[in-house]
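K.L.:
Before we start, here is the structure in question, set down as structure tokens.
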Amino acid sequence: MTTRAPKHAPSAAPSGLDAEAVAEAIADEGVAKEVAAGCAARGETAWCVELGGTTETLFDLASLTKPMTAVAIVRAKIDGRATLGSLLPELSGSATGGVSIELLLAHRAGLEPHVPMFAPLTRGERVDAQTAMRAAADARREDARGAVPADGFAPVYSDLGYVLAGAALARHVGARDAGEAIARLVVAPLGLEAQLGTARELEAQGIDLARVAAPTEDVAWRGGVIRGRVHDENAWALTGDGGSGHAGMFGTVGAVIAFGCALLDVLLPDYGFPLLLGDSRSLAWLVSPRAGGTLRAGFDGKSAEGSSAGSLCGPRTFGHLGFTGTSLWIDPDARAVVTLLTNRVHPSRDHVSIRAARPRAHDALFARARSL
């Protein structure tokens, strides 16, 4: 499906696969059972968007939730310098109580990459959310003991920072969880309520997720193949049908493209389009490069070599990957947005052919975006 608007054609449109062909090629190579791809390009007067594959399917976006959490934190007017303990007083005495929200979002809080907070569920026991949150806040790495430097510790990718930041966001705005906060602060302004949200929010719209959501993994302790419920175990343990700061959002390929386009509109407001998610000053710190690696605050950047974003996007490209097989990349210099959504974890997370497929798919999508 293609949506076009009047614009000046580019002087030299590079050749490349269209989004439909990308989706078909990825599916044919056995990367995933269900695939959707999309790309968008900013023209002189409007966005031109091309989508392909299973465009109505709702995919578990996994860690594409993280950028949405970061944007929601900005829209909630939470100062990035605010500490976790100031927003969640019950965690003020934890190892991370004095760490700022900005460092949590930038993966520089010194936290372990992962803690199995869901473990009691595998034994048929309940998870105490308060105990689990304290465990997350106390899970500091061995190399990150002691006082927190002003610019944080060496960046190590961690879900835990987003678990904590998402809980702080929810408390600040009076939401049940981060998913509800994202629904208010990101989804609603974009008018995407029926295309983007947690299982709880989408089902409240009358959507039958058991029918339209792509299945993910076959997990025995969860009763078999997961469909219409978050794949991430910690998100499931903490917020169930809602959403945590690191995972829990479902979306269509069109919704993910719309989110990426809205971000680019904010960062490149020279066309005078409505800015739905803030202004360039408020969001700039989320996407600005940081020393010591490619991780930013809410996003990742393109690595110099071997980037999953591919080779055709520019050095200022930023975005994120999701464990279930999802991705979003935004190239501000090319004024282009691309996304690839798959359920590569179906029926097992051991299916890793997505690693080789992603760069090729993103190159094809960026090439196509340039020709729109």
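The values are calculated or read from the model by the stated rules, or taken from the named source; none is laboratory data. All values reported here derive from a predicted model rather than from experimental measurement. Every residue, glycine as well, gets a Cβ built from its backbone with ideal geometry; the counts of neighbours run over all protein chains shown.
K.L.:
Does any residue in region 3-32 that is closer than 14 Å to A364 by Cβ and modelled with pLDDT of 85 or more come within less than 6 Å, Cβ to Cβ, of a residue that is polar (S, T, N, Q) and in a loop (DSSP other than H, G, I, E, B) six or more places away or on a different chain, and which pairs are these?
P.N.:
V31/S353
K.L.:
Let me ask another. Report yes if some residue within region 78-95 is surrounded by fewer than 14 Cβ atoms within 10 Å (Cβ to Cβ) and within 30 Å of L276 (Cα to Cα); otherwise report no.
P.N.:
yes
K.L.:
Another question about this same structure. Tell me which residues, restricted to region 316-372, are polar (S, T, N, Q) and within 16 Å of the chain's Cα centre (by Cα).
P.N.:
Passing the criteria: T317, T324, T326, S327, T339, T342, N343.
Quick grid of which residues meet (1) within 17 Å of Y162 (Cβ to Cβ); (2) not in a helix (DSSP H, G or I):
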| residue | (1), (2) |
| --- | --- |
| G278 | no, yes |
| R281 | no, no |
| W285 | yes, no |
| A291 | no, yes |
| S303 | no, yes |
| G306 | no, yes |
| G314 | no, yes |
| A334 | no, yes |
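K.L.:
Mind listing whichever residues of region 330-359 are in contact (Cβ under 8 Å) with a residue 40 or more places away in the chain, on the phi < 0 side of the Ramachandran plot and touching a helix residue (DSSP H, G or I) at 6+ places or on another chain (Cβ under 8 Å)?
P.N.:
I330, P332, A334, A336, V337, V338, T339, L340, L341, T342, R344, A357
K.L.:
Further question: For region 151-181, what are the residues that are free of Cβ contacts under 8 Å to residues at least 40 places away in the same chain, crowded, with 21+ Cβ neighbours inside 10 Å and in a loop (DSSP other than H, G, I, E, B)?
P.N.:
Passing the criteria: only A175.
K.L.:
Could you grab me the full set of residues in region 333-350 that are surrounded by fewer than 18 Cβ atoms within 10 Å (Cβ to Cβ) and within 30 Å of W221 (Cα to Cα)?
P.N.:
P347, S348, R349, D350
K.L.:
Filter region 52-77 for residues that are assigned to a helix (DSSP H, G or I) and either surrounded by fewer than 22 Cβ atoms within 10 Å (Cβ to Cβ) or in contact with a Ser or Thr (Cβ under 9 Å, 6 or more places away or on another chain) (or both) and give the result. Quick ask: steps written out before the conclusion?
P.N.:
Residues of region 52-77 assigned to a helix (DSSP H, G or I): 62-75.
Selection gives A62, S63, L64, T65, T69, V74, R75.
K.L.:
Still on this model: Do the conditions hold for V148, that is, is it modelled with pLDDT of 95 or more and either buried (at least 18 other Cβ atoms within 10 Å of the Cβ) or of a type in the set (D, E) (or both)? Lay out the reasoning, then the answer.
P.N.:
Values: modelled with pLDDT of 95 or more: no; either buried (at least 18 other Cβ atoms within 10 Å of the Cβ) or of a type in the set (D, E) (or both): yes.
Taking the combined requirement at face value, the residue does not satisfy it.
K.L.:
Shifting gears a bit: Name every residue in region 83-129 that is at positive phi and in contact (Cβ under 8 Å) with a residue 40 or more places away in the chain, in order of residue number.
P.N.:
Across region 83-129, the qualifying residues are H107, G110.
K.L.:
Still on this structure, I have one more. Among the residues of region 279-319, count how many are surrounded by 15 or more Cβ atoms within 10 Å (Cβ to Cβ), under 18 Å from R42 (Cβ atoms), in contact with a helix residue (DSSP H, G or I) (Cβ under 7 Å, 6 or more places away or on another chain) and not aliphatic (A, V, I, L, M).
P.N.:
2
K.L.:
Filtering region 249-278 down to residues that are touching a Pro at 6+ places or on another chain (Cβ under 7 Å) and within 16 Å of L190 (Cβ to Cβ), which residue is surrounded by the fewest Cβ atoms within 10 Å (Cβ to Cβ)? Break it down stepwise before answering.
P.N.:
First, pick out the residues of region 249-278 that are touching a Pro at 6+ places or on another chain (Cβ under 7 Å): 264, 267-268, 275-277.
Among the residues that remain, those that are also within 16 Å of L190 (Cβ to Cβ) are: 264, 267, 275-277.
Details: L264: 20, L267: 19, L275: 16, L276: 18, L277: 20.
So, considering only residues that are touching a Pro at 6+ places or on another chain (Cβ under 7 Å) and within 16 Å of L190 (Cβ to Cβ), the one surrounded by the fewest Cβ atoms within 10 Å (Cβ to Cβ) is L275.
K.L.:
Related question: What are the residues in region 317-329 that are touching a Gly at 6+ places or on another chain (Cβ under 9 Å) and either in a strand (DSSP E or B) or in contact (Cβ under 8 Å) with a residue 24 or more places away in the chain (or both), if any?
P.N.:
Of everything in region 317-329, those that are touching a Gly at 6+ places or on another chain (Cβ under 9 Å) and either in a strand (DSSP E or B) or in contact (Cβ under 8 Å) with a residue 24 or more places away in the chain (or both) turn out to be F318, G319, H320, T326, S327, L328, W329.
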